[in-house]
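Only one structure is covered here, and it is reproduced in the block below.
The values are calculated or read from the model by the stated rules, or taken from the named source; none is laboratory data. This structure is a prediction, so every number in the text was calculated from the model and none was measured. Backbone-built Cβ (ideal geometry, glycine too); neighbour counts: all protein chains shown.
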Amino acid sequence: MSEQNGITYQILQKPDLEQTINCLVDVFSSAEPIIKALQITPTELYPFAKIVCQKSVKNGLSLIAKDPATSKVVGFIISEDLSEDLSKKSPEEINKNILQDQKLEIVFKLLKELNEQYDKQKKSLIGKMFHIYFLGIIEKYRGRRISNNLVEKNLNMAIEKGFLVAKVEATGNISQHIFRKYGFEDRYSIDYQTYEYKGRKILQGIKKHKSLILMDKVLIPNPLC
């Protein structure tokens, strides 16, 4: 555990699981551009957030930010190790019980399309790839560098554990700016205005953000390259 500017940072563990799930659901249903455009409700998002956060408790790679005055979770960065056979499984296979909701199916299809070409190029790094899944801060606590601190601490954790590359699918201008600040580079993108699902341009309602971008950063040079 560490503290900066009145906020404590720690690894996500079971006692904070439910708070973190609810924090993620609240932040993403109110502020994340794709979730808002598809009108995914907190109730619809909760089961997926629960699965991801439960897995994060087990792998010990995610961090939360807490206000010590209230013991409230005010931010999170949820990450995973892509060595867990994820290279052999599609999002649909991992989350069959979630994809009964067509709106969530659209989200997974977007991510799958974005990752397909990238995964071909980075196949040799499976097992050394650090994936940042979610980053978010409660609105009241924004502007206090909490996101920056979470990213910095999470990347240091990844380096200490020997990951070679970190990747993230950044959906909005702010997250894209933060990750570029920490050395992430744009690799592949999907334009919100032109993306089609079953012949419909379903993301045209996103006006403040241009595209979904897959970004990565070399953490440790691969000695085999």
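Inspect all residues belonging to the range 148-166 and state whether any of them is over 15 Å from ILE35 (Cα atoms) and touching a His at 6+ places or on another chain (Cβ under 8 Å).
Yes; the residues of the range 148-166 include at least one that is over 15 Å from ILE35 (Cα atoms) and touching a His at 6+ places or on another chain (Cβ under 8 Å).
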> Would a scan of the range 164-185 turn up a residue that is surrounded by 21 or more Cβ atoms within 10 Å (Cβ to Cβ), over 15 Å from the mean Cα position of the chain (by Cα) and closer than 19 Å to GLU80 by Cα?
Replying inline: yes
>> Just to verify a result, which residue in the range 135-163, among those that are closer than 23 Å to TYR46 by Cβ and touching a Ser or Thr at 6+ places or on another chain (Cβ under 9 Å), is surrounded by the fewest Cβ atoms within 10 Å (Cβ to Cβ)?
In response: GLU139
> Which of the residues spanning the range 120-134 are closer than 25 Å to PRO221 by Cβ and either at pLDDT 90 or above or crowded, with 18+ Cβ neighbours inside 10 Å (or both)?
Replying inline: LYS122, LEU125, LYS128, MET129, PHE130, HIS131, ILE132, TYR133
>> Quick test of your reading of the structure: ASN5 fulfils all but one of (1) exposed (fewer than 15 other Cβ atoms within 10 Å of the Cβ); (2) in contact with a helix residue (DSSP H, G or I) (Cβ under 7 Å, 6 or more places away or on another chain); (3) among the polar types (S, T, N, Q). Name the failing condition by number.
In response: (2)
> Can you name the residue in the range 46-85 that is in a strand (DSSP E or B) and more than 15 Å from the chain's Cα centre (by Cα) and is also surrounded by the most Cβ atoms within 10 Å (Cβ to Cβ) among such residues?
Replying inline: ALA65
> If a residue has to be surrounded by fewer than 17 Cβ atoms within 10 Å (Cβ to Cβ) and of a type in the set (Asp, Glu) to count, how many in the range 9-45 make the cut?
Replying inline: 2
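Yes or no, residue by residue, for (1) of a type in the set (A, V, I, L, M); (2) touching a strand residue (DSSP E or B) at 6+ places or on another chain (Cβ under 9 Å):
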residue: LEU114; (1), (2): yes, yes
residue: GLN121; (1), (2): no, yes
residue: TYR141; (1), (2): no, yes
residue: GLU152; (1), (2): no, no
residue: TYR188; (1), (2): no, yes
> What tally of residues in the range 1-33 results from selecting those that are modelled with pLDDT under 95 and more than 18 Å from the chain's Cα centre (by Cα)?
Replying inline: 6
